[in-house]
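Peer 1: Have a look at this one.
The values are calculated or read from the model by the stated rules, or taken from the named source; none is laboratory data. Keep in mind it's a predicted model, so treat the numbers as computed, not measured. Note: ideal-geometry Cβ built from the backbone for every residue, glycine included; neighbour counts use all protein chains shown.
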C-alpha cells in the first residue's frame, strides 16, 4: 500500500499521456487550471461531476493503447521519453524552453524554484515516474505495471476514499511519487 502512497505528478504523467486539445484554447492566466479541469470533464463520461474508477481507467488505458509497444505489449522508456519531450514542446506555448505556471501547472517539477519548469526538470520528473511505473526494472512499462500505476493514482486522487474523484480532489496538488514509495 505504501509504494505509491505519495503520488502526485502522476496526474501530470497521466494528463500528458492523453492531452485534451480543447483545453488549449484558454487565456494564459487561467490556462493551467482550465486545462486540468477540462481533462477532468473529459474523463467524466456521464457528466455527473464525478470520475469513477471505471471512467478513470478507461481514459488512461485508452491513452496507453495509443503508445508504440514491443511485441509483448510493453512501452519502452525511449518511447515514453520521446512522448514526454513532445508534450513539453506542446505545453511550452511561447517556445522559450520553459513551461511557466501560466502555461501549465507543473507541481513538483520546478526543482530550482524559479517559477518555471525547464526541459531538464521536466525530463527528470518523468524519468522518476517511469522508474516508479517499471516495477520489475526491465526498462519497459508493461500494461500490468501501467494499470497498477493508474490505480494507485486514482486511489491517491480520491482524497476522501469514497470511490470517485470530484473536481475539487482532482485540482488539489499531490506530491510526486518517488522510487521506494510503498504501495
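Peer 1: Only residues that are modelled with pLDDT of 90 or more and in a loop (DSSP other than H, G, I, E, B): list them for the range 131-182, please.
Peer 2: 134, 135, 136, 137, 138, 142, 158, 159, 160, 161, 162, 163 - these are the residues of the range 131-182 that are modelled with pLDDT of 90 or more and in a loop (DSSP other than H, G, I, E, B).
Peer 1: Among the residues in the range 87-99, are any at negative phi, surrounded by fewer than 16 Cβ atoms within 10 Å (Cβ to Cβ) and in a helix (DSSP H, G or I)? Show your work before the answer.
Peer 2: Kept after step one, since they are at negative phi, are these residues of the range 87-99: 87-94, 96, 98-99.
Now narrow it down to the ones that are surrounded by fewer than 16 Cβ atoms within 10 Å (Cβ to Cβ): 89-90, 93-94, 96.
Retained after the next criterion (residues that are in a helix (DSSP H, G or I)): 89-90.
Scanning the range 87-99 turns up at least one residue that is at negative phi, surrounded by fewer than 16 Cβ atoms within 10 Å (Cβ to Cβ) and in a helix (DSSP H, G or I).
Peer 1: Criterion first (buried (at least 16 other Cβ atoms within 10 Å of the Cβ) and free of Cβ contacts under 8 Å to residues at least 24 places away in the same chain) does residue 55 satisfy it?
Peer 2: yes
Peer 1: Just one of the numbered conditions (1) part of a helix (DSSP H, G or I); (2) at pLDDT below 90; (3) within 12 Å of the chain's Cα centre (by Cα) is not true of residue 106; which one?
Peer 2: (1)
Peer 1: Turning to a different aspect of this structure: Given the conditions (1) out of contact with any helix residue (DSSP H, G or I) (no Cβ under 9 Å at 6 or more places or on another chain); (2) in contact (Cβ under 8 Å) with a residue 12 or more places away in the chain, which single one is not true for residue 103?
Peer 2: Result: residue 103 passes all but (1).
Peer 1: Filter the range 109-130 down to residues that are outside any loop (DSSP other than H, G, I, E, B) and closer than 27 Å to residue 68 by Cα, then give me how many there are.
Peer 2: Initially, the range 109-130 is screened for residues outside any loop (DSSP other than H, G, I, E, B), giving 116-130.
Going one step further and asking which of them are closer than 27 Å to residue 68 by Cα, we end up with 117-130.
Looking only at that region, the number is 14.
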